[in-house]
Amino acid sequence: MLSIDQETYDAIVAHAKRDHPDEACGVVAGPAGSDRPERMVEMVNAAGSPTFYEFDSLELLALYKDMDARDEEPVVIYHSHTATEAYPSRTDIGLASEPNAHYVLVSTREHGNNDGPVEFRSYRIQDGEVTEEEVAVVPARDPQPDPQSDPEPDPEPVPESARRT
């Protein structure tokens, strides 16, 4: 299951609508090994196409270097379909190279860049096998405590009757 916060969900949908009629694409990075999508990065569709997306190779290299420096990985890889349902095409399946990522597809075919709902679906794609998964949109991302900066909680106060004087 993909758990994604409302703000990130809305940003992905807005990107897909804004780039319509061309396909939009991007990555949502998160702490390595966490499966928590936290930092959305809109990418340029180098193909500039309504039927195909391609990450710009230099932009993608810079993103991977940045994620490596932040100890992050791609948790969500998303793109839009402008004229078809939100289901991975054969090309999408062939390009899926991150076995642990959630592959999100947003279809803008019904309303384009106008107001109206979109189809937002998520898949796992491993070794050419496509498995759809549930998407849970949560109000806000749960802040994860930083164990290095989180001090020990204060001990419970000792009742006055138990104090020694």
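Checking every residue in region 34-47 against the condition of being open to solvent by less than 50 Å² (accessible area, probe 1.4 Å), part of a loop (DSSP other than H, G, I, E, B) and either of a type in the set (S, T, N, Q) or within 15 Å of E98 (Cβ to Cβ) (or both) gives at least one match. Does region 53-83 hold any residues that are over 16 Å from A24 (Cβ atoms) and among the hydroxyl-bearing types (S, T, Y), and which are they? Those that are over 16 Å from A24 (Cβ atoms) and among the hydroxyl-bearing types (S, T, Y): S57, Y64.
Scanning region 85-98 for residues that are surrounded by 13 or more Cβ atoms within 10 Å (Cβ to Cβ) and among the β-branched types (V, I, T) yields a single hit, I93.
Among residues of region 96-123 that are assigned to a loop (DSSP other than H, G, I, E, B), those with a beta-carbon under 7 Å from a residue that is of a type in the set (S, T, Y) at least six positions away or on a different chain give the pairs A96/Y103; T108/S80; T108/T82; R109/T82; R109/T84; V118/S107; V118/T108.
Checking P21, P50, P31 one by one, the residue that is within 15 Å of D92 (Cα to Cα) and not hydroxyl-bearing (S, T, Y) is P50 and no other.
The residue that is nearest to A136 (Cα to Cα), counting only those in region 55-77 that are among the acidic types (D, E) and open to solvent by 90 Å² or more (accessible area, probe 1.4 Å), is D71. The requirement of being modelled with pLDDT of 95 or more, closer than 16 Å to G30 by Cβ and open to solvent by less than 60 Å² (accessible area, probe 1.4 Å) is satisfied by V104.
The values are calculated or read from the model by the stated rules, or taken from the named source; none is laboratory data. Just so we're clear, the structure is a prediction, and the values are computed from it rather than from any experiment. Neighbour counts run over all protein chains shown; Cβ positions are idealised from the backbone, glycine included. The accessibility values were calculated without ligands, DNA or RNA, using every heavy atom of the protein model including side chains. Shrake-Rupley method; radii C 1.70, N 1.55, O 1.52, S 1.80 Å.
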